[in-house]
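Visitor: Structure in structure tokens, see below.
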Amino acid sequence: MTDHFNKLTSKDFMSDQDIRWCPGCGDYSILANIQRVMPELGVPRENFVFVSGIGCSSRFPYYMNTYGFHTIHGRAPAFATGIKASRPDLSVWVVTGDGDGLSIGGNHMLHTIRRNVDIQILLFNNRVYGLTKGQYSPTSQIGMRTASSPDGSIDHPVDPLAFALGAGATFVARAIDVDGAHLQQLLRRAYNHPGTALIEILQNCPVYNDNEWLELEDRKSRTDAALILEDGEPLVFGSEDNRRGIGFHGGIAQVIELEKGQDPIAAGVAVHNERYQTPAYAFALASLKRPDFPLPIGVFRAVETATYDALLQGQVAGAVVKRGAGSLHDLLHSGDTWTVEEG
Amino acid sequence: MSPTGPTKTVQQIESVAIRFTGDSGDGMQLTGTKFTESTAIAGNELATLPDYPAEIRAPIGTLAGVSGFQIHFSSKSVRTPADHPDVLVAFNPAALRANIDDVRPNGMVIVNSDSFTAKNLKRAGYAEDPIPSLRDRYTVVDIPITRLNRESLKDLDISTRDADRCKNFFALGLMYWLYHRPVESTERWLESRFTGSVLEANLRVLRAGYAFGETTELLPVSYIVPKAKIQPGVYRNITGNKALAWGIVAAGEQMQTDVFLGAYPITPASDVLHEVARYRHFGVKTFQAEDEIAAVCAAIGASFAGELGVTTTSGPGFVLKQEALGLAIMAELPLVVIDVQRAGPSTGMPTKIEQADLLLALYGRNSDSPIPVIAAMSPGDCFYTVLEAFSWAVKYMTPVVVLSNGHLANSSEPWRIPDVDSLPRPQVQYRTDPANFQPYARNPETLARPWAIPGTPGLEHRIGGLAKDQNTGNVSYDPQNNERMIRLRAEKVARIAADIPPIEINGSENAELLVVGWGGTYGAIVSAVEAARQNGRSVSSIHLRHLNPFPSNLESILRRFDKILVPELNQGQLVRLLRAEFLVPAVAMNKVRGQPFLIEEICARIDEMLSEEAPR
């Protein structure tokens, strides 16, 4: 009740429900960081809505003391579209996973992104189905042995960010579950972005796909394994004594070795720019894969264009201005009518 | 214009059914629609049935491309488009071939003789000109419509192709003369639609067709169908789909709440989306989703957020929505789902008629997922059905299914426009008080849970598809709780029966046979029952608009009758429900040809039932 008058804290966003994720699950860290960021956004708690589908990640709304809707498998973006289109005043967050969001829900992901509905989509990618006990997912690597792929997966994986960019995503970012400070930064950016903001969060499943992202989660190996994106800064990674950069020649990415103290830009290293209108550059970044390249972490693309919900509200408001508020009586009597008299 | 020349006879008749047929490019739907408007203004009761091919443009002149529009009008009551047309207007040999068998014996057949070329006869599959042999059975009037039409436009600066496109209005003018219909409404419509030479051409051929009727010796008689006795009021024509769309708009207005329609294009429901999309100035939002599933999910999202969520579809799309409907049942959110049924199974015959989604609506989801179902009985009734569905949805916090069908969707009837002030104004109440708020605490009378929408301070809560504690709504795997919740949801739907008016029997409650119908077969059943009664049969009928829950007096009515006949355009769905629910000896009568019942078919079955021994 006092939410309006007192500053909210992360505690205000914790629900009274026991958390049922496995010990060591990456979701705990993500939840804690989201609960930390929420009070800073200046949104009344009652205006937050968390929407999810089915899967481990989709339990998320139960643990947030906000409005929440745990829906059906893969369809969370469609529910979120209906919520945001009818109530643009709400801050709508979709929590999904690689199976929920890219397999059964791939179609809704595609269309929600292309419409640029002003919502945040947090896609927890652990490259496995957890809740159904460990089958390969659409982001699992070729050859992954699971209960449903005893001879190894023969599915070529989809990259969530390349997929999103292909759909015309205006905001695309990648974060690591255990790097809280960076994740919080991206959550704030995503909230402030008008339009669909997709964050792929690399998340560890300790039970069915443990250590899938270890080299990125571990601070020491992250220096070489991750390319931290900073807008306006060169694409440089690696430790002080083994600094390298990424350059593009003819659109093809290359690792450029850098001497100590060498100016990376002069050496041909590309400078990161989130605001290219063409998605080609961000797509090239999304195609950087381990082990040949470092995995880019941070904001790939952030461009602005009209949002679906604003356009829809604009059409409604415009129609009222143009035609006046609708009258049911006039509608029913529109076109040809005739009167039958008494007798 | 004077309707008759000096040598012509005028004959008064009670009713007539005309079928306009031609290639799908010949403008038959428009011709029929305009004739219908004029007939309504002339004060007759009427019913119509458009019949168009599934292909947008089938090869010209083929049977697959034949489009038809039937209108039945009368000085007495009319409830169906009539079993057999009295008059067939055929613009080409294919149209003749596809329709001639339906024409009543000794009926009139008006053909465009110019189109009976060797090429067109071949396209229609005729080895020789069929006209001579038809003269034995029908009054054939062959008119060179194409030539007469071109002649009347010969001094106008217009291409032959454009001139030929007007020829349906030549025929329309002729039919206006033949049945003493007013021409003015069509002229006004043309003036509002066209300008310049196109307007001039259409007006001219319309009058030329009329004048041709006056002068030709081919048609010695014209007909007057006197005005019907009709309840006073302001009327308009309305199709079922338009009535559904206006019902959606009206619900938002009457309930003072914005409407959100999520839909995916599907025949024959798409027109509802098109129509509603025109009314943004009512605050109505339409969302053309990426698929049927997203359409219903977005609508549920809008309902969760406090708007009136609605989704429109047909059979194949209705199937795809079932999982989401299960969620709406579990989350107990208001939602209206409109299924404009079509002939199936699978893709089936999308433009044809059936009423076979009743069991899908009732039982199409996993586990016990009760959902209220209302079925419209006439095009105009679609309007009231939607309003009723919204009022239930909000009062009882439940999704509600509305069943229409392709027949109601596209056929039109004169509709007495309701006084807006007389329409119900169901209350929408959101919970705002955080004191003792529990998401699943129920209204003791309706068993509805509160509608607590995002943005309301202190009511933050989580809902979803997992089993819920009966008060807090928290996830619960407690066995007792689950059974209690399943019973509560069923009881909630059952209690809606309190809002359903008792059914009235058409006829005597002591008749030997009761005919039970539901949905769009109302007109055919009542017409058949009345015809049978005139023939001395002891038969009554009831019609169910409410399929779940049933009206509370249904059982007592059923028990009054020794024999019960249930005609349905499916393989026996309502009949199963009646037998299972009430253990009554109801007998099925089924038809699944993609066509409505003929009155004579039901009459024949009634005769058969009443000449049988009483069931043991």
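The values are calculated or read from the model by the stated rules, or taken from the named source; none is laboratory data. Just so it is clear, the structure is predicted and the values come from calculations on it, not from any experiment. So basically every Cβ, Gly included, is an ideal-geometry build from the backbone, and we count neighbours across all protein chains shown.
Visitor: Of all strands (runs of 3 or more DSSP E) completely enclosed by segment B:236-346, which ones contain at least 2 residues that are facing another protein chain (nearest Cβ under 10 Å) and modelled with pLDDT of 95 or more?
Guide: B:259-263, B:285-288, B:308-313
Visitor: Would a scan of segment B:547-559 turn up a residue that is without any contact (Cβ under 8 Å) to a residue 24 or more places away in the chain, away from chain A (no Cβ under 14 Å) and closer than 25 Å to B:ASN436 by Cβ?
Guide: no
Visitor: Another question, if that's okay. Can you tell which of B:PRO81, B:PRO59, B:PRO53 is buried (at least 21 other Cβ atoms within 10 Å of the Cβ), assigned by TED's automatic domain parsing to the domain that holds B:GLU217 and either modelled with pLDDT of 95 or more or in a loop (DSSP other than H, G, I, E, B) (or both)?
Guide: Values: B:PRO59 fails: buried (at least 21 other Cβ atoms within 10 Å of the Cβ); B:PRO53 fails: buried (at least 21 other Cβ atoms within 10 Å of the Cβ).
Every option except B:PRO81 fails the conditions.
Visitor: Can I ask one more? Does A:ILE142 satisfy being without any contact (Cβ under 8 Å) to a residue 60 or more places away in the chain, away from chain B (no Cβ under 14 Å) and either in a loop (DSSP other than H, G, I, E, B) or farther than 19 Å from A:TYR308 by Cα (or both)?
Guide: yes
Visitor: Tell me which residues, restricted to segment B:8-22, are in a strand (DSSP E or B) and touching a Ser or Thr at 6+ places or on another chain (Cβ under 8 Å).
Guide: Result: B:THR9, B:VAL10, B:GLN11, B:SER15, B:VAL16, B:PHE20, B:THR21, B:GLY22.
Visitor: Hey, which of the strands (runs of 3 or more DSSP E) in segment A:174-291, taking only ones fully inside, have at least 2 residues that are surrounded by fewer than 18 Cβ atoms within 10 Å (Cβ to Cβ)?
Guide: Because the criterion is at least 2 residues that are surrounded by fewer than 18 Cβ atoms within 10 Å (Cβ to Cβ), the strands (runs of 3 or more DSSP E) in segment A:174-291 that meet it are A:244-249, A:252-257.
Visitor: Turning to a different aspect of this structure: Would you confirm whether or not segment B:205-217 contains a residue that is touching a strand residue (DSSP E or B) at 6+ places or on another chain (Cβ under 6 Å) and either more than 9 Å from every other protein chain (Cβ to nearest Cβ) or touching a residue at least 60 places away in the same chain (Cβ under 8 Å) (or both)? Please lay out each step first, then the result.
Guide: First, the residues of segment B:205-217 that are touching a strand residue (DSSP E or B) at 6+ places or on another chain (Cβ under 6 Å): none.
Scanning segment B:205-217 turns up no residue that is touching a strand residue (DSSP E or B) at 6+ places or on another chain (Cβ under 6 Å) and either more than 9 Å from every other protein chain (Cβ to nearest Cβ) or touching a residue at least 60 places away in the same chain (Cβ under 8 Å) (or both).
Visitor: Of all residues in segment B:445-474 being hydroxyl-bearing (Ser, Thr, Tyr) and more than 40 Å from the chain's Cα centre (by Cα), which is nearest to A:LEU8 (Cα to Cα)?
Guide: B:THR456
Visitor: Right, another one. Would you mind telling me which numbered condition in (1) away from every other protein chain (no Cβ under 12 Å); (2) closer than 20 Å to B:HIS461 by Cα A:GLY97 fails?
Guide: Every condition holds for A:GLY97 apart from (2).
Visitor: Does A:LEU8 satisfy the condition of being touching a Pro at 6+ places or on another chain (Cβ under 6 Å), more than 9 Å from every other protein chain (Cβ to nearest Cβ) and either at pLDDT below 95 or surrounded by fewer than 19 Cβ atoms within 10 Å (Cβ to Cβ) (or both)?
Guide: Yes: the conditions hold for A:LEU8.
Visitor: Among the residues of segment B:459-486, count how many are closer than 19 Å to A:TYR62 by Cα, among the β-branched types (Val, Ile, Thr) and in contact (Cβ under 8 Å) with a residue 24 or more places away in the chain.
Guide: Residues flagged as closer than 19 Å to A:TYR62 by Cα, among the β-branched types (Val, Ile, Thr) and in contact (Cβ under 8 Å) with a residue 24 or more places away in the chain within segment B:459-486 amount to 2.
Visitor: Let me confirm something: among B:GLU581, B:GLU555, B:GLU608, B:GLU568, which residue is modelled with pLDDT of 95 or more and either among the aromatic types (Phe, Trp, Tyr) or in contact with a Phe, Trp or Tyr (Cβ under 6 Å, 6 or more places away or on another chain) (or both)?
Guide: Result of the check over B:GLU581, B:GLU555, B:GLU608, B:GLU568: B:GLU555.
Visitor: Is there a residue in segment B:486-498 that is within 7 Å of chain A (Cβ to nearest Cβ) and either closer than 24 Å to A:ALA76 by Cα or among the basic types (Lys, Arg) (or both)?
Guide: Taking every residue of segment B:486-498 in turn, none turns out to be within 7 Å of chain A (Cβ to nearest Cβ) and either closer than 24 Å to A:ALA76 by Cα or among the basic types (Lys, Arg) (or both).
Visitor: Still on this structure, please answer the following. Considering only residues that are within 9 Å of chain B (Cβ to nearest Cβ) and assigned to a helix (DSSP H, G or I), which ones fall in segment A:318-343?
Guide: Correct list: A:GLY318, A:ALA319, A:VAL320, A:VAL321, A:LYS322, A:ARG323, A:LEU328, A:HIS329, A:LEU331, A:LEU332.
Visitor: Output yes when any residue across segment A:108-120 is in contact with a strand residue (DSSP E or B) (Cβ under 9 Å, 6 or more places away or on another chain) and either within 7 Å of chain B (Cβ to nearest Cβ) or among the small types (Gly, Ala, Ser) (or both), and no when none is.
Guide: no
Visitor: Could you check segment B:365-460 for strands (runs of 3 or more DSSP E) lying wholly inside it with 2 or more residues that are over 25 Å from B:VAL296 (Cβ atoms) and more than 11 Å from chain A (Cβ to nearest Cβ)?
Guide: Filter on segment B:365-460 gives B:412-416.
Visitor: Looking at (1) over 17 Å from B:ALA251 (Cβ atoms); (2) among the polar types (S, T, N, Q); (3) free of Cβ contacts under 8 Å to residues at least 12 places away in the same chain, can you tell me which one B:SER422 breaks?
Guide: Unmet for B:SER422, out of (1) over 17 Å from B:ALA251 (Cβ atoms); (2) among the polar types (S, T, N, Q); (3) free of Cβ contacts under 8 Å to residues at least 12 places away in the same chain: (1).
Visitor: Out of the residues in segment A:53-92 meeting the condition of being at the interface with chain B (Cβ under 8 Å from one of its Cβ atoms) and of a type in the set (Ser, Thr, Tyr), tell me which one is surrounded by the most Cβ atoms within 10 Å (Cβ to Cβ).
Guide: Within segment A:53-92, the match that is surrounded by the most Cβ atoms within 10 Å (Cβ to Cβ) is A:THR81.
Visitor: Just checking, which of A:ASP16, A:ASP27 is within 10 Å of chain B (Cβ to nearest Cβ) and of a type outside the set (A, V, I, L, M, F, W, C)?
Guide: Selected residue: A:ASP16, the only one of A:ASP16, A:ASP27 that is within 10 Å of chain B (Cβ to nearest Cβ) and of a type outside the set (A, V, I, L, M, F, W, C).
Visitor: Okay, next question. Sort through B:GLY43, B:GLY25 and tell me the only one that's in contact (Cβ under 8 Å) with a residue 40 or more places away in the chain, touching a helix residue (DSSP H, G or I) at 6+ places or on another chain (Cβ under 9 Å) and either surrounded by 24 or more Cβ atoms within 10 Å (Cβ to Cβ) or assigned to a loop (DSSP other than H, G, I, E, B) (or both).
Guide: B:GLY25
Visitor: Here is a follow-up. Quick check, is A:VAL49 touching a Ser or Thr at 6+ places or on another chain (Cβ under 7 Å) and assigned to a loop (DSSP other than H, G, I, E, B)? Give the derivation first.
Guide: On the way: touching a Ser or Thr at 6+ places or on another chain (Cβ under 7 Å): yes; assigned to a loop (DSSP other than H, G, I, E, B): no.
Taking the combined requirement at face value, the residue does not satisfy it.
Visitor: I would also like to ask the following. Could you tell me which of the residues B:ASP101, B:ASP114 is more than 24 Å from B:ASN149 (Cβ to Cβ) and over 23 Å from the mean Cα position of the chain (by Cα)?
Guide: None of the other options fit; the residue is B:ASP101.
Visitor: Can you tell me how many residues in segment B:335-355 are touching a Phe, Trp or Tyr at 6+ places or on another chain (Cβ under 7 Å) and under 26 Å from A:ILE72 (Cβ atoms)?
Guide: Going through segment B:335-355 one residue at a time, the tally reaches 2.
Visitor: If you take the residues in segment A:146-173 that are in a helix (DSSP H, G or I) and touching a strand residue (DSSP E or B) at 6+ places or on another chain (Cβ under 7 Å), which one is surrounded by the most Cβ atoms within 10 Å (Cβ to Cβ)?
Guide: A:ALA164
Visitor: Also: Quick one: which helices (runs of 4 or more DSSP H) lie wholly within segment B:92-161 and hold at least 1 residues that are of a type in the set (S, T, N, Q) and touching a helix residue (DSSP H, G or I) at 6+ places or on another chain (Cβ under 9 Å)?
Guide: Output list reads B:118-123, B:145-151.
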